[in-house]
1. So, in region 313-329, of the ones that are free of Cβ contacts under 8 Å to residues at least 60 places away in the same chain and touching a strand residue (DSSP E or B) at 6+ places or on another chain (Cβ under 7 Å), which residue ends up surrounded by the most Cβ atoms within 10 Å (Cβ to Cβ)?
2. Can you tell me which residue within region 490-510, out of those that are loosely packed, with under 15 Cβ neighbours inside 10 Å and not in a loop (DSSP other than H, G, I, E, B), is nearest to the chain's Cα centre (by Cα)?
3. Just to be sure before I move on: is residue 513 within 27 Å of the chain's Cα centre (by Cα) and of a type in the set (Val, Ile, Thr) in the structure I sent?
4. Provide a single number: the residues in region 526-574 that are more than 25 Å from the chain's Cα centre (by Cα) and charged (D, E, K, R).
5. On the given criteria, is residue 606 at pLDDT 60 or above, outside any helix (DSSP H, G or I) and assigned by TED's automatic domain parsing to the domain that holds residue 527?
6. Determine whether region 545-558 contains at least one residue that is without any contact (Cβ under 8 Å) to a residue 12 or more places away in the chain, surrounded by fewer than 20 Cβ atoms within 10 Å (Cβ to Cβ), over 30 Å from residue 459 (Cα atoms) and small (Gly, Ala, Ser).
7. Which of the residues that make up region 362-401 are touching a Phe, Trp or Tyr at 6+ places or on another chain (Cβ under 8 Å) and under 25 Å from residue 432 (Cα atoms)?
8. Out of all the residues in region 335-356, which are closer than 30 Å to residue 273 by Cβ and of a type in the set (A, V, I, L, M)?
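The values are calculated or read from the model by the stated rules, or taken from the named source; none is laboratory data. What you see is a predicted model, and the numbers here were worked out from it, not measured in a lab. Note: ideal-geometry Cβ built from the backbone for every residue, glycine included; neighbour counts use all protein chains shown.
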Amino acid sequence: MSDDGWSSMGGYMEAKIQKLEKQFQEKSSRNEQLSSIFNKVAIHVNGYTNPTADELKTLMAKHGGKYHAYYNRKINYTTHVIASNLPRAKAKDLKPNQKIVRPEWIVESITAGTLLPIQPYLLVANSSVSRQKILTSKKEGELLDAFFSSNPSTSKCIEDTTPQVKPEAGENTPQCSTVVANHVNQQANSRTSKIAATTDSGFLDEFYANSRLHFISTWKNDLADFFKVTVTKQSTSYWKRRIIEIDERAKSKVIMHIDMDCFFVSVGLLSRPHLKGRPVAVTHHSSYSEIASCSYEARAAGLRNGMFYGRAKELCPDLIAIPYDFEAYKDISQKLYTVLASYTQSLEAVSCDEALLDVTQLVEDTSLTPQVIAQNIRGKILDATGCNASAGIGPNIALARMATRLGKPNGQHEVTLQQAEEFIRDLPVKDLPGVGRATASRLRELGASTCGELQKIHPDLLKKEFGNKTGQKLHELSKGIDEREVCQSKERKSVSADVNYGIRLKTEDEMKTFLNNLSNEVSSRLKKTGLSGKKITLKVMVRHSDAPVETAKFKGHGVCNSISRSKNLNEYTDDCDIIGREGITLMKSLQLNVTDLRGIGIQLSTLTSTSSLSKSRLSIQQFIKKGKSCRKSSDMQIITPEKKIDSEKKNVRLMILPSSVLLIPSHSNDSINTSFLDALPEELRKEIEKDYKAQKNALQQ
């Protein structure tokens with residue numbers, strides 16, 4: 001009797017699997033097939049996913065794939081396991097080298113109209129399958145990094161051998177099905193619904209981890225440390241080995257402005273090469289999220305950075321949104337500055353994707369033209385990062401930055417000193433560095449829309465309208481004059497932490513909790529930079545009386561009034577308890593309704609180095625202790641010359657002890673004004689007052 005597959009439990013399961021596969025094939029043949037994207041792809045869904053297993057089954061049927069309801073590690077017919085989260089107990093039951101992919105791979109492949117590479121969608125979290133080289137050990141962690149590397153020769157991990165199937169000629173690219181559209185919307189909703197409460201301990205970590213502005217504002221400190229190490233290892237010897245004889249030598253300063261093209265988008269496309277040439281924007285993918293960066297294809301449709309995503313989709317229905325990838329931005333930024341530091345150490349970091357270089361000496365040493373140097377730098381940047389950069393060259397910073405506009409995209413432009421006046425004359429005033437919308441609007445009211453028109457306005461009128469410093473600066477910039485130097489590092493003026501999203505407080509206790517959490521963040525940043533501050537400023541955004549309680553953007557700040565309050569502290573500090581206590585005091589002084597708070601920030605300014613402050617305190621304490629020991633000496637001498645003090649208008653005697661100086665009244669009944677001691681640190685002030693009291697008692701005996 002032949003085995004019909006039902007002779008044992010194993011035979012039963014095999015028959016059941018065959019029956020389910022036959023049903024799936026029959027269903028696929030009855031339904032209209034939209035594409036063959038998943039030809040030779042067979043999936044098994046493990047656990048809860050979004051889209052659900054049934055929805056993924058439908059998608060596979062419509063796009064040429066296969067769906068396996070059961071997984072069998074002995075039979076090699078499931079090509080991809082689809083999972084959103086895979087516990088260790090389930091992962092160990094998988095066959096060797098099994099590809100585990102998130103469901104987004106299927107959805108986004110359908111959206112793209114082609115089978116996407118699986119690398120960006122591989123599920124790593126919670127998986128401990130050593131065969132996939134995704135364990136958390138150091139060695140396997142390095143292999144994982146190599147797997148995601150753009151250099152395939154270094155990868156020893158799983159390779160995606162799934163064939164890349166593109167729509168056939170003449171076939172329309174499949175449109176997103178209802179399931180796919182719902183999945184995109186659910187992703188946006190799930191992000192907002194998972195936002196932590198304002199007072200939760202993880203709220204700030206979550207906020208800063210997803211904040212583009214936080215990344216832009218804090219990257220410079222990390223890059224500064226990176227740059228200090230880099231410049232010590234690099235030299236300009238590269239160019240000195242490539243001297244080319246050129247007759248004309250540079251006779252003026254040569255400043256170069258390097259600016260990456262559509263930086264966030266360009267970095268995002270490194271892992272999404274199939275999207276090149278299409279309108280792409282980096283955003284959080286909700287209607288009221290701002291576009292951080294958009295491709296030139298998107299800009300051709302009228303899109304601009306800072307535009308709301310909902311409005312952008314109206315202008316460009318084919319727009320594709322991709323998420324932020326801050327770690328990738330940081331990596332590419334470091335590669336950019338590594339290249340730049342190999343040419344000159346006269347380098348100023350403007351942003352994570354933008355820098356100024358003074359190449360005057362480099363031009364002089366090599367006899368190369370600035371254009372040749374710029375071309376070489378841009379080529380090296382492309383090789384190192386995979387992203388394009390544009391360059392502007394000029395005799396000063398302002399002209400170099402404005403020249404970059406004419407070099408974009410992926411090009412370069414030079415303005416010489418002789419060309420400067422003619423070059424700048426017809427440029428709009430809004431192109432001048434530091435001129436924003438408000439300043440440009442006021443200049444138009446004065447009759448200046450172009451730099452040529454601005455040149456005709458008398459400097460005194462500009463100073464009257466904008467203040468002496470700004471007025472003079474506008475006059476000089478309109479003529480192409482800019483005396484600023486390329487500065488490797490600038491002195492930091494303040495350290496702060498601000499939150500303007502998700503602020504929803506109900507009680508005063510919640511306000512105190514949040515301020516203490518924010519103070520801890522400020523304290524951590526101070527300690528990281530080795531600084532202490534003596535002035536604290538509380539900045540708040542308060543809902544406008546006419547603004548709705550809930551904003552159109554989920555948990556956004558909406559229309560607000562901005563208020564700030566400052567206080568000088570008794571001593572320099574980086575202590576979170578002191579910062580929190582003073583912050584709460586300032587908040588109470590504003591007498592606001594905590595339910596109307598929509599943004600809160602704490603800033604420490606008047607900064608000094610914590611290490612130098614500690615040395616200073618130690619030195620003064622040693623100074624006092626030495627004075628005490630001297631007073632115990634039997635040969636102590638007291639010199640008391642007469643001296644007048646205007647503040648008290650009393651005669652006092654200056655008692656000079658060995659290694660110690662203190663003011664003592666000329667009469668025992670007189671008292672000295674000790675208010676000047678308030679400026680000293682509390683610990684030091686108490687020691688001086690104690691010491692003073694002891695000396696006064698000694699004189700009265």
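1. By that ranking, first place goes to 319.
2. The initial filter retains those residues of region 490-510 that are loosely packed, with under 15 Cβ neighbours inside 10 Å, namely 490-494, 506-509.
Keeping just the survivors that are not in a loop (DSSP other than H, G, I, E, B) gives 494, 508-509.
Working: 494: 17, 508: 31, 509: 31 Å.
Per the stated criteria, the residue is 494.
3. Details: within 27 Å of the chain's Cα centre (by Cα): yes; of a type in the set (Val, Ile, Thr): yes.
For residue 513, the condition - within 27 Å of the chain's Cα centre (by Cα) and of a type in the set (Val, Ile, Thr) - is met.
4. Summing the residues that are more than 25 Å from the chain's Cα centre (by Cα) and charged (D, E, K, R) in region 526-574 gives 8.
5. Working: at pLDDT 60 or above: yes; outside any helix (DSSP H, G or I): yes; assigned by TED's automatic domain parsing to the domain that holds residue 527: yes.
Against the criterion (at pLDDT 60 or above, outside any helix (DSSP H, G or I) and assigned by TED's automatic domain parsing to the domain that holds residue 527), residue 606 qualifies.
6. Yes.
7. The answer is 399, and nothing else.
8. Step one: list which residues in region 335-356 are closer than 30 Å to residue 273 by Cβ, which gives 335-343, 349-355.
Passing the criteria: 336, 339, 340, 341, 349, 350, 355.
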